[in-house]
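Trainee: Structure provided below as structure tokens; questions to follow.
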Amino acid sequence: MKIIGAMLATIILFSGSQICDEQQRIKQLATSSDLIFVGQVSELEATMCIWSGILLSTQSVKYKINKVLKGEFTGEMIEVKHPLVKNSKTSDRDGNGCLSPKIFKVGNKLLIFAKWEKRRTTETRYAISDDEDCGVQIFNQELASLVTRTLQEK
């Protein structure tokens, strides 16, 4: 019964990709994310990409951190897992099951909203961007200011 419930939750979560009312959704992500940072794409994981379905499928991206806006992270580089959801704003429009090579191009400066997840087999944790439409934004100062103001209001 637990397995069926988890499968249904995954289907519900990824079947109706929300259309992003960007300003409102950015505010929601600012308050719910564990880690928000401005980073430069340094590497897009080369992987056999498969769209999420019953199980969550992800692709990892390594970032050089320029600035942390929320949360604690002391390193220079971070790896973030991004969900692969067909027709999402971060997906490759060519339909190959991967992240968009235009958004996640090496050198691009992005604003990332992430949560910390614990690995099942160890006590280590990893960062995951759990919003396939709005969890990654092309960086601009206006967006960074909106996040900063939202966090100050909290």
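The values are calculated or read from the model by the stated rules, or taken from the named source; none is laboratory data. Note that the structure is predicted; figures quoted are calculated from it, not measured. Neighbour counts are summed over all protein chains in view; Cβ atoms, including those assigned to glycine, are modelled from backbone coordinates with ideal geometry.
Trainee: Quick one: how many residues across segment 9-33 are modelled with pLDDT of 80 or more, buried (at least 16 other Cβ atoms within 10 Å of the Cβ) and assigned to a helix (DSSP H, G or I)?
Mentor: 5
Trainee: In segment 59-69, what count of residues is obtained for those that are surrounded by fewer than 18 Cβ atoms within 10 Å (Cβ to Cβ) and either in a helix (DSSP H, G or I) or hydroxyl-bearing (Ser, Thr, Tyr) (or both)?
Mentor: Of the residues in that region, 1 qualify.
Trainee: Taking the conditions exactly as written (touching a Pro at 6+ places or on another chain (Cβ under 6 Å) and either farther than 23 Å from Gln23 by Cβ or of a type in the set (D, E, K, R) (or both)), does Thr58 satisfy them or not?
Mentor: Yes, satisfied.
Trainee: Oh, and also: Which number in (1) buried (at least 16 other Cβ atoms within 10 Å of the Cβ); (2) acidic (Asp, Glu); (3) over 17 Å from Ile128 (Cβ atoms) marks the one condition that Glu76 misses?
Mentor: (1)
Trainee: Just checking, does segment 80-99 include any residue being closer than 18 Å to Gln141 by Cα and not acidic (Asp, Glu)?
Mentor: Within segment 80-99 (the criterion being closer than 18 Å to Gln141 by Cα and not acidic (Asp, Glu)), the answer is no, since none of the residues qualifies.
Trainee: For segment 53-100, what are the residues that are free of Cβ contacts under 8 Å to residues at least 60 places away in the same chain and small (Gly, Ala, Ser)?
Mentor: Listed by number, the residues that qualify are Gly53, Ser57, Ser60, Gly71, Gly75, Ser91, Gly95, Gly97, Ser100.
Trainee: So, one more: Out of all the residues in segment 38-52, is one or more surrounded by 13 or more Cβ atoms within 10 Å (Cβ to Cβ), more than 15 Å from the chain's Cα centre (by Cα), under 29 Å from Thr148 (Cα atoms) and among the small types (Gly, Ala, Ser)?
Mentor: yes
Trainee: For Arg120, state whether it is at pLDDT below 90 and exposed (fewer than 13 other Cβ atoms within 10 Å of the Cβ).
Mentor: yes
Trainee: How many of the residues making up segment 34-58 are in contact with a helix residue (DSSP H, G or I) (Cβ under 9 Å, 6 or more places away or on another chain) and assigned to a strand (DSSP E or B)?
Mentor: Result for segment 34-58: 2.
Trainee: I'm told Lys105 meets every condition in (1) surrounded by 14 or more Cβ atoms within 10 Å (Cβ to Cβ); (2) modelled with pLDDT of 90 or more; (3) basic (Lys, Arg) except one. Can you identify the failing condition by its number?
Mentor: Here Lys105 meets the rest and fails (1).
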